[in-house]
1. Give the lysines reachable from Lys16 as a straight Cα distance under 28 Å; neighbours fewer than 8 places away on the same chain don't count.
2. Could you report the accessible area of Leu119 in Å², rounded to 10, computed with a 1.4 Å probe on the protein chains as they sit in the structure?
3. Out of every Cα-Cα pair in the chain, what percent are more than 17 Å apart?
4. Would you mind checking the tilt of helix 74-84 against the longest principal axis of the Cα atoms of the chain, expressed as 0 to 90 degrees and rounded to 10?
5. Hey, what did the chain get for relative contact order, percent, Cα under 8 Å, at least 6 apart?
6. Which is the longest part of the chain that has none of the chymotrypsin sites (Phe, Trp or Tyr not before Pro) sitting in a DSSP loop with at most 12 other Cβ atoms within 10 Å?
7. Report, to the nearest whole %, how much of the accessible area of region 4-124 belongs to carbon and sulfur atoms, 1.4 Å probe, protein only.
8. Taking the chain as the reference, fit the longest principal axis to its C-alpha atoms, fit the long axis of helix 109-123 to the helix C-alpha atoms, and give the angle between the two in degrees, 0 to 90, nearest 10.
Amino acid sequence: IILENLKILNFSKNVKGELKDTNFVILPSYREGMPKSLIEAISSGIPVIASNVVGNSDLVLENVNGFLCRPQNNRSLYNVILKVSKIKKQKYNLLSKNCRKYAEYYLDENKVTHKYLTLIKKII
């Protein structure tokens, strides 16, 4: 099976421009911190496909705002891409809406900064 609509993009400084015509962001990394690319995608309402490693799995809620594949496993990644290529518009819209809700609740800069400052005050 050939996935005709799959486009692999190179590095870009214009992430917002690249995301505007994107349906899913895929990050099949072997190891992560907290990937900014997934944070930006989810904040933009774009569901993600990522390997199930720390960082990615902290952002991706399976079948809620994206999907996880097994790390370092091409077949698993392929199967997830194939699965999402068959998603109906209603389901996609729900995933997208969930991404935005997730970002507003968990990724808001003010909330994250407040949590950090609270933790630092406890330590000091």
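1. Lys7, Lys36, Lys83, Lys86, Lys88, Lys89, Lys91, Lys97, Lys101, Lys111, Lys115
2. 100 Å²
3. Every Cα pair in the chain considered, those over 17 Å come to 60 percent.
4. In the chain, helix 74-84 runs at an angle near 90 degrees to the longest axis.
5. On the way: 147 pairs, mean separation 27.6, N = 124.
It rounds to 22 percent for the chain.
6. Longest gap between qualifying sites, sites excluded: 31-124.
7. On the way: 4690 of 8830 Å².
With neighbouring chains kept in place, the figure for region 4-124 is 53 percent.
8. Tilt of helix 109-123: around 50 degrees.
The values are calculated or read from the model by the stated rules, or taken from the named source; none is laboratory data. All values derive from a computational prediction rather than experimental measurement. In this analysis, Cβ positions are derived from the backbone assuming ideal geometry, glycine residues included, and neighbour counts consider all displayed protein chains. Ligands, DNA and RNA are stripped out before the accessible areas are found, and what is left, the full protein with its side chains, is counted by its heavy atoms. Shrake-Rupley method; radii C 1.70, N 1.55, O 1.52, S 1.80 Å.
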